[in-house]
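I have placed the structure first, in the form of structure tokens, so that the comments after it can refer back to it.
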Amino acid sequence: MDEVARAFLLPSALIWCLAGWFAASRRGLSSSPVFAGCWLLALAGNLSLILAAELLVFYFGFALMTFAAYGLVVHQGSPQALNAGRWYLFMMFLGELCLFTAVALLAVAAGAATALGLASYHGLTLGLFAVGFAIKLGLVGVHTWLPRAHPVAPVPASAVLSGVMIKTGILGWWRVSEPHGPLLSDWGPWLMFLGIVTVFYGIASGLNSREPKTVLAWSSVSQMGLAALLAGLALTSPGAGHLAWLGIAWLVLHHGLAKAALFLGAGLFQDSQGKARGWIGLLLCLPALALAGAPFTSGWFAKAALDAAVIEAGQGAWLPWLLTAGAVGTTLLMARFLHSLWVTPEADGLPTRGPWLPWGFSIVCVLALPWTAWVPEHVRDMANGPLALLSALWPVVLGLALYMALFTRPATAIRWPWRPRAFGPRAAIPALLPGLVHVERRMHRWSVVGTLFMFVIALLLAALSLRISGPVA
């Protein structure tokens, strides 16, 4: 139980407990032994990999969690769920193949079980780890499973998929790279670039979605881009590495709780009627504002932690402006989520008696998080003062104003020069970012995924033909 394990175990324990409580109170899930079995296996794998001290134990927990989660994705049994399950299984198989090969190469080289953080890595072995963890994290290019799996999975499964499971990708990379940070500085700029692209690609794709859970899935893609950016920053500037890893730990805690509250609340909202929908929608604004980084929320401190790492690294003025633009985009995404949720029709028949208590506890956790002792002192210092308040407030205000101008009904009365006459995200986003929809559709073709598979196979063959000598560290 080291500092890294504590940083990931706390949000994992909270989210698994709250989402499991929600599932146990949910009609159709509490009476399903298959769902319960897959849930408990995925939980066991998740906690095992967090507490693992050796690579083989870490891989076992990672694989158990990954393949048990397949049963959660396809639980509903609809054609859409089965199709999403095929994508999930194929992409996870690619990731597990990379991880297994990397772990096997290290085990053969060491001649025994290898402790996490003490292994000696070849560049190609690290590449295999990077591909496997990137698939789990949902970075752009290997993200295609994530926006498909979230909309079809039951609400509590989506909460743990987005709130906990995808973050094991950044945990794995932290375990294998952090002890050798100064020797891996060449990887830093590439990770930063990939993280920035993922942030804005997730925002643009989410604004082009109409289903609330799909918008949340794209939001997770965007937020995991921030995690990759921080990991790259830690490698690029070793002096800022400690602050960057602390920023990742806070991002994991903040994003996990906020996203779990949003998913659970979305499930309650869609099963409610009348005044209950109004109250749920109002309370959902709280985690949405936190994810957008509004002042006095957990997102405010997450942004402060990110800014502290950027300032310590001395990356210049361009990166803070990009991060501010990302905050504006996240606000747009949260407004899109709340709007798409509000316009969903009420459920037919009598409203389902929803499990309010676990969702209420998740909201309380989100609200209480900024005022706990877990906030590092340097993060509190960065968030203090009127200037910090203003820098956190104006991106949220700008994002809300942009959403009102581009995506709401009054905007249809204005003939904007940069958008076609058709109304809605599917019209506005292709006009603002030409070709995005076409690119995303092509990335979901089996031929493209097959090309990725062949690329991974080539990596594996190269790894097998490489002599086990000359490690990185």
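The values are calculated or read from the model by the stated rules, or taken from the named source; none is laboratory data. Keep in mind the model is a prediction, meaning the values are calculated, not measured. Using ideal geometry, Cβ is built from the backbone for each residue, glycine included, and neighbour counts are taken over all protein chains shown.
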If you check Ser177 against the conditions, is it outside any helix (DSSP H, G or I) and at pLDDT below 85?
no
List every residue pair whose Cβ atoms sit under 7 Å apart, with the two residues 6 or more apart in sequence or on different chains, where the first one lies in the stretch 23-52 and is assigned by TED's automatic domain parsing to the domain that holds Val252 and in contact (Cβ under 8 Å) with a residue 12 or more places away in the chain and the second, anywhere, is of a type outside the set (Phe, Trp, Tyr) and assigned to a helix (DSSP H, G or I).
none
Within the stretch 271-279, can one find any residue that is buried (at least 23 other Cβ atoms within 10 Å of the Cβ) and out of contact with any Ser or Thr (no Cβ under 6 Å at 6 or more places or on another chain)?
no
Val215 being assigned by TED's automatic domain parsing to the domain that holds Gly326 and in contact with a Lys or Arg (Cβ under 9 Å, 6 or more places away or on another chain):
yes
Given (1) over 28 Å from Arg26 (Cα atoms); (2) touching a residue at least 60 places away in the same chain (Cβ under 8 Å); (3) of a type outside the set (A, V, I, L, M, F, W, C), index of the condition His242 fails:
(2)
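Residue by residue, here is whether (1) buried (at least 24 other Cβ atoms within 10 Å of the Cβ); (2) within 17 Å of the chain's Cα centre (by Cα); (3) among the aromatic types (Phe, Trp, Tyr) holds:
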site	(1), (2), (3)
Ser185	no, no, no
Gly188	no, no, no
Leu191	yes, yes, no
Phe200	no, yes, yes
Ser205	yes, yes, no
Thr214	no, yes, no
Met224	yes, yes, no
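Of everything in the stretch 288-302 that's touching a Ser or Thr at 6+ places or on another chain (Cβ under 8 Å) and either in a helix (DSSP H, G or I) or in the same structural domain as Pro11 (by TED's automatic domain parsing) (or both), which residue is surrounded by the fewest Cβ atoms within 10 Å (Cβ to Cβ)?
Leu289
Going by what's in this entry, would Ala63 be described as farther than 27 Å from Arg175 by Cα, surrounded by fewer than 22 Cβ atoms within 10 Å (Cβ to Cβ), within 21 Å of the chain's Cα centre (by Cα) and touching a residue at least 24 places away in the same chain (Cβ under 8 Å)? Full working, then the answer.
Working: farther than 27 Å from Arg175 by Cα: no; surrounded by fewer than 22 Cβ atoms within 10 Å (Cβ to Cβ): yes; within 21 Å of the chain's Cα centre (by Cα): yes; touching a residue at least 24 places away in the same chain (Cβ under 8 Å): yes.
No, not satisfied.
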